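Worksheet: the structure to be examined is printed underneath.
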Amino acid sequence: MQTPSDGVSTPRTRSTAQKSSHVHSSRYPPGSLISARRRSAFRSLSKRKIPQSTPLEEALDPAKAALLIQKQWILYSVTPMYKFSYTRLKEYSRHLSAHIAAEKQKGIAIELGADLNLKATFSCLPGLKGKDRDPLAVLIQISSKPPVTKPGTEDRIVWTGWFCGLYTEDDLLEAIPDTFTCLPLFLYNGAESLTALVGMWFQRNFDCCFGKLAISSQDLTWLAAMWTGYEVQGHVPATELVFSVPVEPHMDITYIIHAEDFKTLWNDIHKSKDEVTVEEVNHLFQCLYSHFFRHFKIHLSATKLVKVTASVVSAHCEGKVKFLSKDYLTRVLGFITELAINNIQY
C-alpha cells in the first residue's frame with residue numbers, strides 16, 4: 001500500500017502505487033470532503049459525544065463478532081472507493097483470489113509458504129452500525145488449503161481484514177458522490193505481504209488510497225477517559241497507561257490505576273452524561289500526573305503516552321488496537337472511525 005504522505009508497500013509495488021496515488025485524489029472534487037472533515041476535526045478537538053447503545057448492535061452476528069474480539073488489529077484510513085458494489089462480493093472474492101495467485105506466480109514472497117493455495121472471501125457484517133445511514137461493513141478473509149489434506153479438513157484462516165464506517169458524520173456522507181462508498185477505516189490481522197497484495201488490488205479496482213493510521217497521545221487520553229470504568233464479564237478491569245521516556249536506552253513506565261479509584265476521580269471531574277470535553281480530559285490527566293509525581297518524583301508530562309488499556313479496548317500509538325468487549329464494539333469503532341476520517345489525505 002502507498003499513500004501520498006505515508007504508507008506501506010512492498011518493493012515490487014511501490015512504484016505502481018506512487019504513480020496511481022495522484023489519480024485517486026482527482027477522481028472526485030476534494031473541496032467539499034476536506035470542508036466536512038475539517039468540521040469533524042474541529043468538533044473532536046473541543047468535545048466528543050459519548051456513543052450510546054443502539055438496537056442495531058443486536059443485529060451483529062455473535063460468530064462474526066467473535067472474529068473481531070481479542071485480536072490485535074493494525075489500522076489504516078481509506079479514501080472513498082469508486083464504484084464499489086455490495087452485490088458483487090462473490091465476484092470480488094474470485095478476482096482477489098486470482099490476483100493473489102498471479103502475484104505468487106511472479107515470485108512475490110508470501111510469509112506463509114509457497115505450497116499453500118490461498119482463497120479470498122468477501123462478506124458483509126450486518127449490525128456493525130451505529131445508525132441506519134452508516135455504510136455496511138465489509139469483511140475479507142483469506143484462507144489456506146495445503147496441497148494434501150484429509151477429507152473434512154476445514155481451510156485455515158490466515159489473514160483477515162475489514163472496512164467499516166461507523167458514526168460517520170452526515171455532512172461527510174452528503175459530500176460523497178453516489179458513485180463512491182465511504183468506508184474510511186480499514187483494520188487487518190495477518191501477514192504484511194498479504195496486506196500489500198490486498199491493498200494493491202483495491203487501489204487498482206476502486207481508486208482508493210490507504211494511509212497508516214497512528215493514534216496520537218492526545219487521542220489516547222480521550223480513549224482512556226471515555227472507555228474506562230465499563231463492566232466486562234462481570235467486573236471492571238483496571239486502567240493501564242504506558243508512557244515512553246525520552247532517554248537512552250529506551251524505557252517505558254507502566255501506570256496501573258485501580259478501577260474504583262479511576263471511576264471516583266473521573267466522576268468528580270466529568271459533569272455531562274452526553275459528552276466529554278477537552279478540559280475534562282486534560283484535568284483528569286493532570287490529576288493522574290500529580291498523583292504519580294507525589295509518589296515517584298517523576299514528571300509524566302515530560303514523557304509520551306504510547307498505550308492505553310481501558311475496560312473495553314486496548315490501543316497503541318503505532319495504530320494497533322484490540323477490542324475487548326462485543327457489547328461496546330460499535331461504540332469504540334465510532335471513535336476510531338472519526339480518527340480515520342481526520343487522517344485521510346486528499
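The values are calculated or read from the model by the stated rules, or taken from the named source; none is laboratory data. Predicted model, so just to flag it, every value in this text is computed and none were measured. Cβ coordinates were reconstructed from backbone atoms using ideal geometry, including for glycine residues, and neighbour counts include every protein chain displayed. Keep in mind that these areas ignore ligands, DNA and RNA; they rest on the heavy atoms of the full protein, side chains included. Shrake-Rupley method; radii C 1.70, N 1.55, O 1.52, S 1.80 Å.
Can you go through F186, F180 and tell me which one is at pLDDT 95 or above and open to solvent by less than 30 Å² (accessible area, probe 1.4 Å)?
Details: F180 fails: at pLDDT 95 or above.
It is F186.
Taking segment 313-332 on its own, how many of its residues are out of contact with any helix residue (DSSP H, G or I) (no Cβ under 9 Å at 6 or more places or on another chain) and under 23 Å from P135 (Cβ atoms)?
Qualifying residue count, segment 313-332: 1.
For segment 190-214, how many residues meet the condition of being outside any helix (DSSP H, G or I) and more than 23 Å from A315 (Cα to Cα)? Let's see the steps before the verdict.
Initially, segment 190-214 is screened for residues outside any helix (DSSP H, G or I), giving 190-191, 207-214.
Subsequent filtering for residues that are more than 23 Å from A315 (Cα to Cα) retains 207-209.
Residues that pass the stated criteria total 3.
Those residues that are of a type outside the set (A, V, I, L, M) and under 30 Å from W73 (Cβ atoms), I need them from segment 263-291; list them, please. Walk me through it before giving the result.
Pass one, segment 263-291, residues of a type outside the set (A, V, I, L, M): 263-264, 266-268, 270-275, 277, 279-280, 282-283, 285-287, 289-291.
Those that are of a type outside the set (A, V, I, L, M) and under 30 Å from W73 (Cβ atoms): K263, W266, H270, K273, D274, E275, T277, E280, N282, F285, Y289.
Could you pull out every one of the strands (runs of 3 or more DSSP E) wholly within segment 275-343 that has 1 or more residues that are crowded, with 19+ Cβ neighbours inside 10 Å and modelled with pLDDT of 95 or more? Spell out how you get there, then give the answer.
Working: elements: 275-277, 304-309, 313-316, 320-323.
Here the list reads 304-309, 313-316, 320-323.
Would you please list the contacts, defined by Cβ atoms under 9 Å and residues six or more apart or on different chains, that run from a residue in segment 214-233 that is under 16 Å from K271 (Cα atoms) to a residue that is of a type in the set (D, E) and crowded, with 16+ Cβ neighbours inside 10 Å?
The qualifying pairs are A225/E280.
From the set of residues in segment 234-262 that are open to solvent by 30 Å² or more (accessible area, probe 1.4 Å) and assigned to a helix (DSSP H, G or I), which is nearest to L300 (Cα to Cα)? Even if it seems obvious, please write down each step before you answer.
Step one: filter segment 234-262 for residues open to solvent by 30 Å² or more (accessible area, probe 1.4 Å), giving 234-238, 240, 246-252, 254, 256, 258, 260-261.
Of the ones still in play, those that are also assigned to a helix (DSSP H, G or I) are 260-261.
Details: E260: 22, D261: 19 Å.
Selected residue: D261.
Is it the case, given these coordinates, that L265 is touching a residue at least 40 places away in the same chain (Cβ under 8 Å) and surrounded by 16 or more Cβ atoms within 10 Å (Cβ to Cβ)? Steps first, please.
Details: touching a residue at least 40 places away in the same chain (Cβ under 8 Å): no; surrounded by 16 or more Cβ atoms within 10 Å (Cβ to Cβ): yes.
It is false that L265 is touching a residue at least 40 places away in the same chain (Cβ under 8 Å) and surrounded by 16 or more Cβ atoms within 10 Å (Cβ to Cβ).
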